[in-house]
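Asks: Mind looking over this structure? Questions follow.
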Amino acid sequence: MKNKVFLGALTVAGLAAGAAAAGTLDDVKARGKLNCGVTTGLVGFAAPNANGEWEGFDVAVCRAVAAAVLGDSTAVEFVPTTGKTRFTALASGEIDMLARNTTWTFSRDVDLKFEFVGVNYYDGQGMMVPAGLGIKSALELDGATICTNTGTTTELNITDYFQQHDMTFELVALENSDEVIAAYGAGRCDVFTTDRSGVAAERLKLADPEAHVVLPETISKEPLGPSVRAGDEQWMKIAKWVLFGVIEAEEYGITSENVEEMMSSENPSVQRILGVGDNNYGASLGLEADFIKKAVEQVGNYGEMYERNVGPDTPLKLDRGVNNLWNNGGFMYAPPIR
(Lines give C-alpha, C1' and ligand atoms only; values in the text may rest on other atoms or scores of the structure.)
Protein backbone atom coordinates (compact mmCIF):
# COMPACT_ATOMS: atom_id res chain seq x y z
CA MET A 1 0.00 0.00 0.00
CA LYS A 2 1.36 3.40 -0.88
CA ASN A 3 0.44 6.78 0.62
CA LYS A 4 0.28 10.15 -1.07
CA VAL A 5 2.85 12.17 0.82
CA PHE A 6 2.35 15.73 -0.38
CA LEU A 7 -0.56 16.34 2.02
CA GLY A 8 0.71 17.33 5.45
CA ALA A 9 4.31 16.53 4.57
CA LEU A 10 5.76 19.38 6.58
CA THR A 11 3.82 18.39 9.68
CA VAL A 12 4.92 14.77 9.53
CA ALA A 13 8.50 15.78 8.73
CA GLY A 14 8.53 18.06 11.77
CA LEU A 15 7.30 15.25 14.00
CA ALA A 16 10.00 12.98 12.62
CA ALA A 17 12.76 15.48 13.34
CA GLY A 18 11.65 15.83 16.95
CA ALA A 19 11.09 12.15 17.61
CA ALA A 20 14.49 11.20 16.24
CA ALA A 21 16.34 13.40 18.74
CA ALA A 22 16.49 10.61 21.29
CA GLY A 23 18.43 7.39 20.72
CA THR A 24 15.96 4.73 19.59
CA LEU A 25 18.26 1.86 20.56
CA ASP A 26 18.43 3.12 24.16
CA ASP A 27 14.64 3.55 24.22
CA VAL A 28 14.04 0.02 22.93
CA LYS A 29 16.49 -1.51 25.41
CA ALA A 30 15.02 0.43 28.34
CA ARG A 31 11.49 -0.54 27.32
CA GLY A 32 12.48 -4.15 26.76
CA LYS A 33 10.49 -4.43 23.55
CA LEU A 34 10.35 -3.12 20.00
CA ASN A 35 7.28 -1.15 18.94
CA CYS A 36 6.76 -2.13 15.31
CA GLY A 37 4.09 -0.70 13.01
CA VAL A 38 2.34 -3.23 10.79
CA THR A 39 -0.81 -3.40 8.69
CA THR A 40 -4.21 -3.89 10.30
CA GLY A 41 -4.29 -7.37 8.78
CA LEU A 42 -2.89 -8.72 5.52
CA VAL A 43 -2.54 -12.48 5.25
CA GLY A 44 1.06 -13.52 4.64
CA PHE A 45 2.51 -10.16 5.63
CA ALA A 46 1.02 -9.19 8.99
CA ALA A 47 -2.08 -10.63 10.64
CA PRO A 48 -2.97 -12.24 13.97
CA ASN A 49 -3.38 -16.02 13.84
CA ALA A 50 -6.09 -18.04 15.60
CA ASN A 51 -4.24 -17.60 18.88
CA GLY A 52 -3.96 -13.85 18.47
CA GLU A 53 -0.24 -14.03 17.69
CA TRP A 54 1.03 -11.81 14.89
CA GLU A 55 2.67 -13.60 11.98
CA GLY A 56 3.69 -12.81 8.42
CA PHE A 57 6.58 -11.65 6.26
CA ASP A 58 6.67 -8.09 7.63
CA VAL A 59 6.15 -9.44 11.14
CA ALA A 60 9.25 -11.59 10.63
CA VAL A 61 11.30 -8.45 9.88
CA CYS A 62 10.14 -6.93 13.17
CA ARG A 63 10.97 -10.12 15.04
CA ALA A 64 14.42 -10.33 13.43
CA VAL A 65 15.27 -6.82 14.65
CA ALA A 66 13.97 -7.64 18.13
CA ALA A 67 16.09 -10.80 18.22
CA ALA A 68 19.20 -8.90 17.12
CA VAL A 69 18.71 -6.02 19.56
CA LEU A 70 17.06 -7.66 22.57
CA GLY A 71 17.93 -11.32 22.04
CA ASP A 72 14.23 -12.18 21.97
CA SER A 73 12.17 -12.30 18.77
CA THR A 74 8.97 -12.25 20.82
CA ALA A 75 9.81 -8.92 22.49
CA VAL A 76 7.69 -6.96 20.01
CA GLU A 77 4.60 -4.82 20.46
CA PHE A 78 2.79 -4.85 17.11
CA VAL A 79 0.95 -1.62 16.37
CA PRO A 80 -1.68 -1.92 13.60
CA THR A 81 -1.67 1.07 11.23
CA THR A 82 -3.66 2.02 8.15
CA GLY A 83 -2.29 3.51 4.96
CA LYS A 84 -3.38 6.87 6.36
CA THR A 85 -1.96 6.59 9.91
CA ARG A 86 1.30 4.69 9.43
CA PHE A 87 3.56 7.65 8.75
CA THR A 88 2.25 9.74 11.64
CA ALA A 89 2.77 6.76 13.96
CA LEU A 90 6.40 6.52 12.87
CA ALA A 91 7.08 10.26 12.88
CA SER A 92 5.58 10.78 16.33
CA GLY A 93 7.64 8.03 17.95
CA GLU A 94 4.66 5.79 18.65
CA ILE A 95 6.54 3.07 16.77
CA ASP A 96 10.27 2.46 16.44
CA MET A 97 10.07 1.14 12.90
CA LEU A 98 7.46 0.59 10.23
CA ALA A 99 7.25 -2.78 8.48
CA ARG A 100 3.99 -2.48 6.62
CA ASN A 101 4.21 -3.38 2.91
CA THR A 102 5.19 0.24 2.25
CA THR A 103 6.66 1.43 -1.04
CA TRP A 104 10.00 3.25 -1.04
CA THR A 105 9.44 6.51 -2.94
CA PHE A 106 11.26 9.81 -3.39
CA SER A 107 8.70 11.79 -1.40
CA ARG A 108 8.76 9.46 1.58
CA ASP A 109 12.53 9.34 1.60
CA VAL A 110 13.13 13.06 1.10
CA ASP A 111 10.04 15.08 2.03
CA LEU A 112 8.86 13.00 4.98
CA LYS A 113 12.43 12.38 6.11
CA PHE A 114 12.09 8.65 6.65
CA GLU A 115 14.92 6.20 6.06
CA PHE A 116 14.05 3.07 4.12
CA VAL A 117 16.53 0.48 5.30
CA GLY A 118 16.18 -1.78 2.27
CA VAL A 119 13.68 -3.78 0.24
CA ASN A 120 12.22 -6.97 1.65
CA TYR A 121 9.75 -7.54 -1.19
CA TYR A 122 9.82 -6.34 -4.81
CA ASP A 123 6.25 -5.88 -5.95
CA GLY A 124 4.05 -4.07 -8.46
CA GLN A 125 0.45 -2.94 -8.60
CA GLY A 126 -2.08 -5.41 -9.95
CA MET A 127 -5.83 -5.65 -10.49
CA MET A 128 -8.48 -8.27 -9.74
CA VAL A 129 -11.92 -8.65 -11.33
CA PRO A 130 -14.82 -11.11 -11.04
CA ALA A 131 -14.24 -14.00 -13.44
CA GLY A 132 -17.85 -13.68 -14.58
CA LEU A 133 -17.06 -10.38 -16.32
CA GLY A 134 -14.94 -12.25 -18.84
CA ILE A 135 -12.22 -9.58 -18.75
CA LYS A 136 -8.76 -10.80 -19.75
CA SER A 137 -6.77 -7.54 -19.72
CA ALA A 138 -6.71 -4.21 -17.90
CA LEU A 139 -7.07 -2.58 -21.32
CA GLU A 140 -10.70 -3.75 -21.29
CA LEU A 141 -11.57 -1.70 -18.18
CA ASP A 142 -12.68 1.57 -19.76
CA GLY A 143 -15.48 3.03 -17.60
CA ALA A 144 -14.87 0.60 -14.71
CA THR A 145 -15.46 1.34 -11.04
CA ILE A 146 -12.32 0.64 -9.01
CA CYS A 147 -11.95 -0.08 -5.28
CA THR A 148 -8.74 0.75 -3.40
CA ASN A 149 -7.44 2.30 -0.18
CA THR A 150 -7.85 6.00 0.40
CA GLY A 151 -4.85 8.33 0.30
CA THR A 152 -2.58 5.89 -1.50
CA THR A 153 -0.45 6.28 -4.58
CA THR A 154 -2.42 3.32 -5.90
CA GLU A 155 -4.86 6.02 -6.96
CA LEU A 156 -2.09 7.93 -8.73
CA ASN A 157 -0.90 4.79 -10.51
CA ILE A 158 -4.43 4.00 -11.68
CA THR A 159 -4.90 7.57 -12.89
CA ASP A 160 -1.62 7.46 -14.81
CA TYR A 161 -2.45 4.09 -16.37
CA PHE A 162 -5.95 5.04 -17.46
CA GLN A 163 -4.82 8.39 -18.85
CA GLN A 164 -2.00 6.71 -20.73
CA HIS A 165 -4.48 4.36 -22.39
CA ASP A 166 -7.20 7.00 -22.92
CA MET A 167 -9.69 5.27 -20.58
CA THR A 168 -11.97 6.56 -17.83
CA PHE A 169 -12.79 5.10 -14.40
CA GLU A 170 -14.70 5.82 -11.20
CA LEU A 171 -12.90 5.45 -7.88
CA VAL A 172 -14.24 4.01 -4.61
CA ALA A 173 -11.57 4.75 -1.98
CA LEU A 174 -11.89 3.55 1.63
CA GLU A 175 -9.36 3.71 4.49
CA ASN A 176 -9.47 0.22 5.93
CA SER A 177 -8.35 -2.71 3.78
CA ASP A 178 -11.15 -4.93 5.09
CA GLU A 179 -13.67 -2.30 4.04
CA VAL A 180 -12.15 -2.11 0.57
CA ILE A 181 -12.26 -5.84 -0.13
CA ALA A 182 -15.74 -6.06 1.42
CA ALA A 183 -16.95 -3.31 -0.92
CA TYR A 184 -15.49 -5.17 -3.89
CA GLY A 185 -16.99 -8.45 -2.74
CA ALA A 186 -20.38 -6.77 -2.38
CA GLY A 187 -20.25 -5.59 -5.98
CA ARG A 188 -19.73 -1.89 -5.31
CA CYS A 189 -16.93 -1.89 -7.87
CA ASP A 190 -15.74 -3.90 -10.86
CA VAL A 191 -12.05 -3.91 -9.93
CA PHE A 192 -9.96 -4.31 -6.78
CA THR A 193 -6.42 -2.95 -6.98
CA THR A 194 -3.34 -2.79 -4.77
CA ASP A 195 0.14 -4.39 -4.83
CA ARG A 196 0.01 -7.81 -6.48
CA SER A 197 0.99 -9.50 -3.21
CA GLY A 198 -1.86 -7.64 -1.52
CA VAL A 199 -4.28 -8.67 -4.24
CA ALA A 200 -3.32 -12.31 -3.63
CA ALA A 201 -3.82 -11.89 0.12
CA GLU A 202 -7.11 -10.00 -0.04
CA ARG A 203 -8.52 -12.44 -2.62
CA LEU A 204 -8.45 -15.10 0.11
CA LYS A 205 -10.99 -13.08 2.13
CA LEU A 206 -13.66 -13.36 -0.57
CA ALA A 207 -16.49 -15.87 -0.21
CA ASP A 208 -15.33 -17.69 -3.36
CA PRO A 209 -11.74 -16.71 -4.24
CA GLU A 210 -11.81 -18.89 -7.36
CA ALA A 211 -14.58 -16.71 -8.78
CA HIS A 212 -12.10 -13.84 -9.14
CA VAL A 213 -9.09 -13.51 -11.43
CA VAL A 214 -5.95 -11.39 -11.23
CA LEU A 215 -5.28 -9.61 -14.51
CA PRO A 216 -1.83 -10.08 -16.09
CA GLU A 217 -0.76 -6.43 -16.10
CA THR A 218 1.64 -5.01 -13.51
CA ILE A 219 1.27 -1.24 -13.77
CA SER A 220 3.92 0.07 -11.37
CA LYS A 221 7.13 -0.60 -9.46
CA GLU A 222 6.57 -1.16 -5.73
CA PRO A 223 9.80 -1.83 -3.79
CA LEU A 224 8.40 -2.61 -0.34
CA GLY A 225 10.54 -2.28 2.74
CA PRO A 226 10.82 -1.31 6.40
CA SER A 227 11.54 2.27 7.39
CA VAL A 228 12.63 4.29 10.41
CA ARG A 229 12.77 7.97 11.29
CA ALA A 230 15.61 10.02 9.86
CA GLY A 231 18.02 11.61 12.32
CA ASP A 232 18.98 8.47 14.24
CA GLU A 233 21.77 7.00 12.15
CA GLN A 234 22.61 4.24 14.62
CA TRP A 235 19.06 2.87 14.64
CA MET A 236 18.78 3.16 10.87
CA LYS A 237 21.97 1.14 10.40
CA ILE A 238 20.82 -1.49 12.91
CA ALA A 239 17.57 -2.10 11.02
CA LYS A 240 19.44 -2.02 7.71
CA TRP A 241 22.10 -4.55 8.66
CA VAL A 242 19.66 -6.93 10.29
CA LEU A 243 17.79 -7.06 6.98
CA PHE A 244 21.04 -7.37 5.03
CA GLY A 245 22.21 -9.99 7.50
CA VAL A 246 19.33 -12.38 6.94
CA ILE A 247 19.75 -11.97 3.17
CA GLU A 248 23.48 -12.70 3.45
CA ALA A 249 22.69 -15.70 5.65
CA GLU A 250 20.58 -17.24 2.90
CA GLU A 251 23.31 -16.65 0.33
CA TYR A 252 25.85 -18.51 2.47
CA GLY A 253 23.49 -21.34 3.41
CA ILE A 254 23.05 -20.34 7.05
CA THR A 255 19.61 -21.39 8.30
CA SER A 256 17.74 -21.49 11.59
CA GLU A 257 18.39 -25.23 11.70
CA ASN A 258 22.13 -25.28 10.98
CA VAL A 259 23.27 -21.96 12.48
CA GLU A 260 25.02 -23.59 15.44
CA GLU A 261 26.84 -25.98 13.13
CA MET A 262 27.84 -23.07 10.87
CA MET A 263 29.56 -21.36 13.82
CA SER A 264 32.48 -23.73 13.19
CA SER A 265 32.65 -22.96 9.46
CA GLU A 266 36.05 -22.02 8.07
CA ASN A 267 34.46 -19.73 5.47
CA PRO A 268 35.55 -16.17 6.40
CA SER A 269 32.26 -14.71 5.08
CA VAL A 270 30.23 -17.04 7.31
CA GLN A 271 32.43 -16.17 10.29
CA ARG A 272 31.84 -12.44 9.71
CA ILE A 273 28.07 -12.89 9.38
CA LEU A 274 27.84 -14.91 12.60
CA GLY A 275 30.34 -12.85 14.60
CA VAL A 276 32.78 -15.70 15.13
CA GLY A 277 36.15 -15.01 16.76
CA ASP A 278 37.37 -11.46 16.27
CA ASN A 279 34.57 -10.63 13.85
CA ASN A 280 32.63 -8.26 16.12
CA TYR A 281 30.77 -6.12 13.60
CA GLY A 282 27.92 -5.68 16.06
CA ALA A 283 30.07 -3.47 18.29
CA SER A 284 29.92 -0.61 15.79
CA LEU A 285 26.13 -0.73 16.08
CA GLY A 286 25.97 -1.02 19.86
CA LEU A 287 24.99 -4.69 19.57
CA GLU A 288 26.53 -8.06 20.40
CA ALA A 289 28.85 -9.73 17.91
CA ASP A 290 26.28 -12.43 17.18
CA PHE A 291 23.34 -10.10 16.44
CA ILE A 292 22.73 -11.65 13.01
CA LYS A 293 23.07 -15.16 14.42
CA LYS A 294 20.32 -14.38 16.92
CA ALA A 295 18.03 -13.12 14.15
CA VAL A 296 18.62 -16.17 11.94
CA GLU A 297 18.42 -18.62 14.82
CA GLN A 298 15.07 -17.30 16.06
CA VAL A 299 13.40 -16.10 12.84
CA GLY A 300 15.27 -17.66 9.93
CA ASN A 301 17.20 -16.37 6.94
CA TYR A 302 15.48 -14.36 4.21
CA GLY A 303 14.49 -17.45 2.22
CA GLU A 304 13.03 -19.17 5.27
CA MET A 305 11.03 -16.05 6.12
CA TYR A 306 9.73 -15.87 2.55
CA GLU A 307 8.81 -19.53 2.16
CA ARG A 308 7.15 -19.75 5.57
CA ASN A 309 4.91 -16.71 5.06
CA VAL A 310 4.21 -16.06 1.38
CA GLY A 311 5.88 -18.84 -0.64
CA PRO A 312 4.39 -21.47 -2.95
CA ASP A 313 3.41 -23.73 -0.06
CA THR A 314 1.39 -21.01 1.71
CA PRO A 315 -2.15 -19.81 0.90
CA LEU A 316 -0.66 -16.89 -1.08
CA LYS A 317 1.39 -19.24 -3.30
CA LEU A 318 3.81 -16.49 -4.36
CA ASP A 319 6.83 -17.70 -6.35
CA ARG A 320 10.14 -16.09 -5.44
CA GLY A 321 10.56 -14.57 -8.91
CA VAL A 322 12.49 -11.30 -8.66
CA ASN A 323 12.65 -11.83 -4.90
CA ASN A 324 15.14 -14.64 -5.45
CA LEU A 325 18.75 -13.95 -4.52
CA TRP A 326 20.88 -12.18 -7.13
CA ASN A 327 22.77 -15.40 -7.88
CA ASN A 328 19.51 -17.22 -8.55
CA GLY A 329 17.99 -14.83 -11.08
CA GLY A 330 16.44 -12.35 -8.64
CA PHE A 331 16.99 -8.84 -7.29
CA MET A 332 17.84 -9.70 -3.67
CA TYR A 333 21.35 -8.51 -2.99
CA ALA A 334 22.99 -7.46 0.26
CA PRO A 335 26.27 -5.56 0.62
CA PRO A 336 29.01 -7.77 2.04
CA ILE A 337 29.71 -7.87 5.76
CA ARG A 338 33.43 -7.27 5.95
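Asks: Using the Cα centre as the reference, give the magnitude of the dipole from point charges on the C-beta atoms of segment 129-236 (Lys, Arg: +1; Asp, Glu: -1; all else neutral), rounded to the nearest 20 debye. Working shown, then result.
Replies: Working: 7 positive and 18 negative charges, 40 e Å.
Its charge dipole is roughly 200 debye.
Asks: Sticking with this one: Mind listing the phi-derived Karplus ³J(HN,Hα) values for segment 220-236, rounded to whole Hz, using 6.51, -1.76 and 1.60 with θ = phi - 60°, and x for any glycine or proline?
Replies: My calculation for segment 220-236 gives 7, 9, 9, x, 9, x, x, 9, 9, 6, 6, x, 10, 5, 4, 5, 4 Hz in order.
Asks: Positive end of the charge dipole of the chain (Lys, Arg +1 and Asp, Glu -1 on Cβ, about the Cα centre): tell me which of Leu215, Ala295, Thr150 has its Cα farthest that way.
Replies: Of Leu215, Ala295, Thr150, it is Thr150.
Asks: On the protein heavy atoms, probe 1.4 angstrom, tell me the percent of accessible surface of segment 100-192 carried by carbon and sulfur.
Replies: 47 percent
Asks: Hey, what number do you get for the chain at 222 nm if only DSSP H runs of n ≥ 4 count, each worth -39500 (n - 2.57), divided across all residues, to the nearest 500?
Replies: So the calculated ellipticity at 222 nm is -10000 deg cm²/dmol.
Asks: Show Ile135, Ile146 ordered by accessible area, largest first, where the area counts protein heavy atoms only and the probe is 1.4 Å.
Replies: Descending accessible area places them as Ile135, Ile146.
Asks: Among 246-255, 316-325, what's the highest-first ranking by average C-beta atoms within 10 angstrom per residue?
Replies: Per-residue mean Cβ counts within 10 Å order the peptides as 246-255, 316-325.
Asks: Under a crude label model (7 Å from the Cα following the beta-carbon direction), how far is Lys29 from Glu217 in nanometres?
Replies: Inter-label distance under the simple model: 5.2 nm.
Asks: So if each residue of separation counts as 0.36 nm, and I subtract the Cα-Cα distance between Thr145 and Asp166, what length gain in nm does that give?
Replies: Between Thr145 and Asp166, full extension yields 6.0 nm more.
Asks: Sticking with this one: Please tell me which of these pairs span more than 23 angstrom C-alpha to C-alpha: Lys84/Lys240; Lys29/Lys293; Lys33/Lys240; Lys293/Lys317; Lys113/Lys294?
Replies: Values: Lys84/Lys240 25 Å; Lys29/Lys293 19 Å; Lys33/Lys240 18 Å; Lys293/Lys317 28 Å; Lys113/Lys294 30 Å.
Among Lys84/Lys240; Lys29/Lys293; Lys33/Lys240; Lys293/Lys317; Lys113/Lys294, the Cα-Cα distance tops 23 Å for Lys84/Lys240; Lys293/Lys317; Lys113/Lys294.
Asks: Can I ask one more? Please work through the chain and write down the cysteines that have no neighbouring cysteine Cβ at a distance under 4.7 Å.
Replies: Lacking a cysteine Cβ partner under 4.7 Å: no cysteine of the chain.
Asks: I want the antiparallel fraction of DSSP beta bridges within the chain, as a percent rounded to 5.
Replies: Percentage antiparallel, nearest 5: 55.
Asks: Could you work out the local net charge near Gln298, counting Lys and Arg as +1, Asp and Glu as -1, over the other residues with Cβ closer than 15 Å to its Cβ?
Replies: -4
Asks: Using modelled amide H (1.01 Å from N, peptide plane; none on Pro or chain starts), what sits under 5 Å from the amide H of Asn301, excluding residues fewer than 5 places away?
Replies: Answer set, sorted by chain and number: Ser256.
Asks: With every protein chain present, what is the per residue accessible area of the chain (1.4 Å probe, Å²)?
Replies: Result: 41 Å² of accessible area for each residue.
Asks: Please identify, among Leu224, Leu285, Leu42, the residue showing maximal mean-square fluctuation in a Gaussian network model of the chain using a 10 angstrom Cα cutoff.
Replies: Fluctuation is largest for Leu285.
Asks: By accessible area of protein heavy atoms, probe 1.4 Å, what ranking do Phe106, Phe45, Phe169, Phe78 get, highest first?
Replies: Phe106, Phe169, Phe78, Phe45
Asks: I would also like to ask the following. Of the listed peptides 24-34, 113-123, what is their order by residue-averaged count of other C-beta atoms within 10 Å, with the highest listed first?
Replies: 113-123, 24-34
Asks: Something else about it: Take Met236, Met263 and sort them by solvent-accessible surface of the protein heavy atoms, 1.4 Å probe, largest at the top.
Replies: These residues rank, largest area first, as Met263, Met236.
The values are calculated or read from the model by the stated rules, or taken from the named source; none is laboratory data. This structure is a prediction, so every number in the text was calculated from the model and none was measured. Cβ atoms come from the backbone with ideal geometry, glycine included; neighbour counts cover every protein chain shown. The area values use the complete protein model at the heavy-atom level, side chains included, leaving out ligands, DNA and RNA. Shrake-Rupley method; radii C 1.70, N 1.55, O 1.52, S 1.80 Å.
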